[in-house]
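Q: Dumping the structure here so I can ask a few things about it.
The values are calculated or read from the model by the stated rules, or taken from the named source; none is laboratory data. Remember, it's a predicted structure, so these values are computed and weren't measured experimentally. Because the Cβ atoms are built from the backbone with ideal geometry, glycine has one as well, and the counts that use them run over all protein chains shown.
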Amino acid sequence: MQTVALPVVSAITAGVLLIGQMGLALAVVAVRRRAGSSLGDGGNPALVAAIRRHGNYAENAAIFVASLALLEMLGALRLFVIGLAALFIAGRIAHAIGLSQAKTTNVWRIGGVFATVAACVTLGVRLITLAAGLLG
C-alpha cells in the first residue's frame, strides 16, 4: 500500500497565491472607488485593466494549486514541486506587473505568460506520467 504525502508545498503555494489575489482584489476596489463604479467597468480603462489583472490571476491560480496538490500527493520529488510552484508564482507576479504597465505588450507580461505556461504544461505532463504509472 502506498502512503500519500501531505501537500505542504501546495498549501504554502496556495497561501502565497491567496495573499497575492487579495492584493489584486483590493487594487480593483481602490480603482472602483476612484472611478465611482460599483459594478462593471464603466468604460474606465484603469478599471478594465485592474479587473483583468485580478481575473487572469484567479483563473490560473486555482487549477494550478489543485493540480500541484495532486502531484505532491502522488509522490513527486519535493524539490520538483517547489520549483514548479516558484516558477508559477514568479509568472503570475510578472504577468500582473506587465498588465500594470502603460504598454501592456512588454517583457514582464510575455515572461509571465511563458513562466505560467511552462509551469502548467510541465505539471500536467508530470501528473499524467505519475498517475499512469500507478494504474498498474
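Q: Kindly evaluate I51 against the criterion of being part of a helix (DSSP H, G or I), under 17 Å from the mean Cα position of the chain (by Cα) and surrounded by fewer than 18 Cβ atoms within 10 Å (Cβ to Cβ).
A: When the stated conditions are applied, I51 does not pass them.
Q: Considering only segment 48-88, state which residues are touching a residue at least 12 places away in the same chain (Cβ under 8 Å) and over 16 Å from L123 (Cα atoms).
A: A49, A50, I51, R52, R53, H54, N56, Y57, A58
Q: Counting just the residues of segment 99-108 that are surrounded by 14 or more Cβ atoms within 10 Å (Cβ to Cβ) and at pLDDT 95 or above, which one comes out farthest from V4 (Cα to Cα)?
A: For segment 99-108, the residue satisfying everything is N106.
Q: Residues that are of a type in the set (A, V, I, L, M) and more than 30 Å from V31 (Cα to Cα): does segment 108-119 have at least one?
A: yes
Q: Just a yes or no: is a residue in segment 38-45 in a helix (DSSP H, G or I) and modelled with pLDDT under 95?
A: The answer is yes; a qualifying residue exists.
Q: Suppose we keep only residues that are of a type in the set (V, I, T), touching a residue at least 24 places away in the same chain (Cβ under 8 Å) and surrounded by 12 or more Cβ atoms within 10 Å (Cβ to Cβ) within segment 1-31. Which one would you say is farthest from R78 (Cα to Cα)?
A: So, considering only residues that are of a type in the set (V, I, T), touching a residue at least 24 places away in the same chain (Cβ under 8 Å) and surrounded by 12 or more Cβ atoms within 10 Å (Cβ to Cβ), the one farthest from R78 (Cα to Cα) is V28.
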